[in-house]
1. If you take the alpha carbon radius of gyration of the range 12-131 and divide it by 2.2 N^0.38 Å, what ratio comes out, to two decimals?
2. Can you give the helix-only mean residue ellipticity at 222 nm for the chain, where every DSSP H stretch with n ≥ 4 adds -39500 (n - 2.57) and the sum goes over all residues, rounded to the nearest 500 deg cm²/dmol?
3. Roughly how many Å is it from the Cα centre of the range 211-242 to that of the range 1-65, as a whole number?
4. Given axes a ≥ b ≥ c from the Cα gyration tensor, I'd like to know whether the range 142-212 is rounded (a/c under 1.5), prolate (a/b larger than b/c) or oblate.
5. For the range 128-247, how big is Rg over Rh, using alpha carbon atoms and the Kirkwood form of Rh?
6. Output the Kirkwood hydrodynamic radius of the range 79-147, Cα pairs only, in Å rounded to one decimal.
7. Using all Cα-Cα distances in the chain, what percent lands in each 10 angstrom bin from 0 up to the longest?
8. Roughly how large, in nm² to one decimal, is the mean projection of the convex hull of the alpha-carbon atoms in the range 55-108?
Amino acid sequence: MILYFSGTGNSRYVAQKIAEISGDEVISINQRLKAQDYATISSDKPLVFVGPIYAGRLPRVMDEYIKKVNFMGTKRAYFIGTCAQTPWMTVQYVEKLCKEKSFALLGFNSVVMPQGYIAGGGIQPKDINDKILKEAEPKIVKIAETIRDKQTLPKEQPDKAIMSKVLNPIMYSMMISAKGFTATDKCTGCGKCEIRCPLNNVKLVNGKPSWGKECTHCMACIAGCPREAIEYGKKTQGKPRYYLGEK
Ligand SMILES: Cc1cc2nc3c(=O)[nH]c(=O)nc-3n(C[C@H](O)[C@H](O)[C@H](O)COP(=O)(O)O)c2cc1C
Ligand code: SF4
Ligand code: SF4
């Protein structure tokens, strides 16, 4: 059973690729969160959690979802983190989570994918993103084959602790907020941002999106807008968007 959380599509892509090769079923944590659905999940096959790395850990909303849900059947679990550079020390937090859930960890691996954090700064040009995606493919396939064969993932060397331990809580308290989002005149009121927000934090008011306080900076609204009609303060003006999948 593969469960993914994804804002800009990278982790969804990796989850779907693993499913293609392993034949496992896929569940979207985004949809579960949106529906506030914390129903028990049963699986005899190992659990495979795929999500982005946010400042050296799994997204809080994903961590909280896993903590809240009762998993029946298998207690074996893989964790895959997609990131733009490094997962830092995510593995330590994954190990902690597994201990709390009594999961036997079959390995944590990271996959470097295009940067999706437009509100945090740098989105790369399309040709660089295409190259990163191409280079990621063999690792994704290898991970998927390892999961299909129920083997343990190879150990990766964790990166420095400062991001995961010190900067992660700072990022959540200082940066993660929907305050900067606005819609421009390009908005057609299609409602895709409202549909995409996993936390129901975007609502159309008089045909234009309005943001509440429950934001995890997943970037699904701004990156997935087909009109590129969402900005985050001045930081995003004139910058390319990155979204993997159909907008
Ligand atoms: C809030 C936030 C924090 C991030 N922190 C990190 C990080 O610590 N290390 C890193 O390499 N990438 C970081 N990124 C980039 C994402 O991990 C990367 O783009 C990921 O593949 C996005 O996955 P998704 O498309 O499934 O949402 C961050 C992105 C966001 C939105
Ligand atoms: S997705 Fe874009 S165009 Fe559609 S309602 Fe939201 S801001 Fe407007
Ligand atoms: S408001 Fe946008 S960035 Fe925040 S959680 Fe919703 S979709 Fe993600």
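Each value in this text was obtained by applying a stated rule to the coordinates, not by laboratory testing. Note that the coordinates shown come from a computational prediction; the quantities given were computed from them, not determined experimentally. Here the Cβ positions follow ideal geometry from the backbone for every residue, glycine too, while neighbour counts run over all protein chains shown.
1. Numbers: Rg = 14.8 Å, N = 120, 2.2 N^0.38 = 13.6 Å.
So the Cα radius of gyration is 1.09 times the expected 2.2 N^0.38 Å.
2. -9500 deg cm²/dmol
3. Cα centres, the range 211-242 to the range 1-65: 22 Å.
4. In terms of gyration-tensor shape, oblate.
5. Here Rg/Rh amounts to 1.06.
6. The answer is 13.6 Å.
7. 7, 32, 37, 20, 4, 0
8. Averaged projected hull area, Cα only: 3.6 nm².
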